[in-house]
Amino acid sequence: MAEVIRMPLLSDTMKEGVIATWHKKVGDAVKADDAIADVETDKATMEVMPYVDGTLLYVSPEKAIPVNGILAIVGKSGESYQELLDNESKAVPETAPAETGKPESKEATDVAEVKNPANEVKASPAGKQENTTGEIPNGNVSNENAVNIEGALPKDVTVVRMPLLSDTMKEGKIVAWHKKEGDSVKGDDVLADVETDKATMEVMGYADGTLLHIGVPEGEAAQINAIIAIIGPKGTDISAILNAPAAPQPATEDRPETTQSTAPEAKQPEQKQPEASKATPAAAETAASEDSGDRVKISPLARRLAEDKGIDIHALKGSGDGGRIIKRDVDSYQPAATSQAPAAQQPAVSPNASATQQASEEGYTDVPNSTMRTRIAERLSESKFTAPHFYLTISVTMDGAMAAREQWNKLSPVKISFNDLTIKAAAMALRQHPDVNASWLGDKIRRYNYINIGTAVATEGGGLIVPVVRGADKKSLSEIAATTKELIGKVRDKKIQPADYSGNTFSISNLGMMDIDEFTAIINPPDACILAVGRIAETPVVEQGQILIRNVMKLTLSCDHRAVDGAVGARFLQSLKGFLENPVTMLV
């Protein structure tokens, strides 16, 4: 399916981007980390990448494109994209949230078109502070670090603030600093890697000068709009900025996002065992290597993959435009043979260890929560303790579905899984029961005219993300299978984008492949329901007085009783059971 590439919000004051240069033309094959265009903002000129592979089907004829406007469309060669352009004009009125009662976790498909800039939180890749008003955009989280620097900003000094890098982000954790205080920096130098609740992203300062101050140490977190760095001429006195009083909290709408307290600051893992050896952080080595030479031209994705694989980016040879290092250069890198480092000598252990020494071995490790883990905890706690959950369980005989799937997979270009079958069946049942395809909005219940089904995917290293199959009721089983395969691939490759995991109206969590018989899932806001899918197991059942062995799968529907009543949920499950037990009815 063709993907819309939108004009991103590249600075905190940006309203539109001007196309400086197109690096690709219609018909060209593009990779996810190719730079397709240079976009000039009110701050700087930056590269825009599509984050998807395919063929460039469409580029905007406009020179200036508003934030969130269609920049380009990427898809399969020859694929029709006119419907996407037509839908864009219809969808514009709904891009900006209007109701204050709308659940905070309802994620906009992209950066919403701002209807009232004074009441909108703006996403920004490094909040460069060039004005001297000291105002914090209404909706940003303010704390003791968000100082009022009115009249305190010396000439040519830039304050770099913690940017809003995702629509659900409350704070960002500094994973690594690539520069240290006193280093010279350029406008497009990467200052730090920031971990959000969704991904790890790079932050740039968008200013030339000397890094005068680092406000947040490596491994610690800062709230949105907090000062993380200051850049300016070498020797500039910045004490007035650092000592400025805290800015007053602006008046905002009564929203959970602006009233919740922040999570405790993350600390470095603390090993509660004696004489534990201290490892030098890999990130520090990376920063040192970058400081020692000229800046390497490398895409953010390639940089992240290189760090994950422990590859020195200075050893890579770029095959992209102008020698830029891209993903395929990291994937194809073959390291030179190196001698093995000698193993660290283990300390000798006395055979007559005291009881105290033995007791000390029963230690523990405190692992700081990632931003994603903190956000999951907040959202699901809010859901569990705010939405009155109730649960309905039904058993489904899957013999018919298993036989049909075997036949369909002989014809389908993509392997159809049982999860794909469940998504399709749920979408068809939602079409019959629109009361389940809904959200509780406080003073109203919103019933959606479209069916977007989120499917929970575990991320590497712990965490959960819910990519969305859009228009699932209108897709064939093969299309659903291809879409889910693509989305899961994006999660594993860390290429998932906000457009991929937002806009869900119903969610599915499947643990059947892990041999779980049945379980109850916590509702994924703003959905009114979530379906928990167990494994298919051979089970003795009684049919017409005879005991037979059938393949049975148990489904449990978690419902928000504010929006969905028991009888409504039960009728939905009956329809879902009918589609799965007689799957040919899904095709009618």
- Task: Those residues that are surrounded by 16 or more Cβ atoms within 10 Å (Cβ to Cβ) and either more than 13 Å from Asp399 (Cα to Cα) or not β-branched (Val, Ile, Thr) (or both), I need them from segment 535-549; list them, please.
- Result: Arg535
- Task: State whether the residues of segment 162-179 include one that is part of a loop (DSSP other than H, G, I, E, B), small (Gly, Ala, Ser) and under 28 Å from Leu464 (Cα atoms).
- Result: yes
- Task: Could you pull out the residue among Ser476, Ser507 that is open to solvent by 30 Å² or more (accessible area, probe 1.4 Å) and of a type in the set (Ser, Thr, Tyr)?
- Result: Ser476
- Query: Quick one: which of Ala283, Ala288 is under 27 Å from Thr365 (Cα atoms), modelled with pLDDT under 80 and either of a type in the set (D, E, K, R) or open to solvent by less than 80 Å² (accessible area, probe 1.4 Å) (or both)?
  - Reply: Ala283
- Item | Top-ranked residue in segment 487-497 [being surrounded by fewer than 19 Cβ atoms within 10 Å (Cβ to Cβ) and either small (Gly, Ala, Ser) or in a helix (DSSP H, G or I) (or both); ranked as modelled with the lowest pLDDT] | Arg492
- Query: So which residues in segment 180-197 are surrounded by fewer than 23 Cβ atoms within 10 Å (Cβ to Cβ) and part of a loop (DSSP other than H, G, I, E, B), if there are any at all?
  - Reply: Lys180, Glu181, Gly182, Asp183, Lys186, Gly187, Asp188, Asp189, Thr196
- Message: When you scan segment 412-434, do you find a residue that is of a type in the set (Lys, Arg) and under 21 Å from Asp517 (Cβ atoms), even just one?
- Response: no
- Message: I'd like the residue in segment 189-230 that is charged (D, E, K, R) and under 25 Å from Ala302 (Cβ atoms) and, out of all such residues, is modelled with the highest pLDDT.
- Response: Glu218
- Query: Hey, any hits in segment 366-383 for a residue that's over 30 Å from Val194 (Cβ atoms) and in contact with a helix residue (DSSP H, G or I) (Cβ under 9 Å, 6 or more places away or on another chain)?
  - Reply: no
- Query: Can you pull out the residues in segment 387-406 that are under 15 Å from Ser476 (Cα atoms) and either free of Cβ contacts under 8 Å to residues at least 60 places away in the same chain or of a type in the set (D, E, K, R) (or both)?
  - Reply: Arg405
- Task: Kindly establish whether Met204 is crowded, with 18+ Cβ neighbours inside 10 Å, in contact (Cβ under 8 Å) with a residue 40 or more places away in the chain and either under 22 Å from Ala377 (Cα atoms) or in contact with a Cys (Cβ under 9 Å, 6 or more places away or on another chain) (or both).
- Result: no
- Within segment 562-588, restricting to residues that are β-branched (Val, Ile, Thr) and open to solvent by less than 70 Å² (accessible area, probe 1.4 Å), the one that is farthest from Arg405 (Cα to Cα) is Val564
- Are there any pairs with C-beta distances below 6 angstrom linking a residue in segment 307-324 that is within 14 Å of Asp33 (Cα to Cα) and at pLDDT 85 or above to a residue that is basic (Lys, Arg) and in a loop (DSSP other than H, G, I, E, B), with the two at least 6 apart or on different chains, and if so which? Gly318/Arg324
- Filter result for Val469 (in contact with a helix residue (DSSP H, G or I) (Cβ under 8 Å, 6 or more places away or on another chain) and under 21 Å from Lys415 (Cα atoms)): yes
- Exactly one of Ser575, Ser502 is touching a His at 6+ places or on another chain (Cβ under 7 Å), among the polar types (S, T, N, Q) and under 17 Å from Ile451 (Cβ atoms), and that residue is Ser575
- Can you list the strands (runs of 3 or more DSSP E) found entirely within segment 382-454 that contain at least 2 residues being open to solvent by 10 Å² or more (accessible area, probe 1.4 Å)? 389-397, 445-447
- Within segment 550-561, track down each residue that is open to solvent by 20 Å² or more (accessible area, probe 1.4 Å) and among the charged types (D, E, K, R). Arg550, Lys554
- Message: Which pairs turn up if I take residues in segment 507-521 that are more than 21 Å from Cys559 (Cβ to Cβ) and look for partners that are in a strand (DSSP E or B) and of a type outside the set (S, T, N, Q) with beta carbon separation below 6 Å, at least 6 apart in sequence or on another chain?
- Response: Asp515/Arg535
- Message: I'd like to know if segment 11-23 contains one or more residues that are in contact with a Leu (Cβ under 9 Å, 6 or more places away or on another chain) and within 30 Å of Ile480 (Cβ to Cβ).
- Response: no
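The values are calculated or read from the model by the stated rules, or taken from the named source; none is laboratory data. Source: prediction; values computed, not measured. Positions of Cβ are generated from backbone atoms using ideal geometry, with glycine treated the same way; all protein chains shown enter the neighbour counts. Surface accessibility is based on the protein's heavy atoms, side chains included, excluding ligands, DNA and RNA. Shrake-Rupley method; radii C 1.70, N 1.55, O 1.52, S 1.80 Å.
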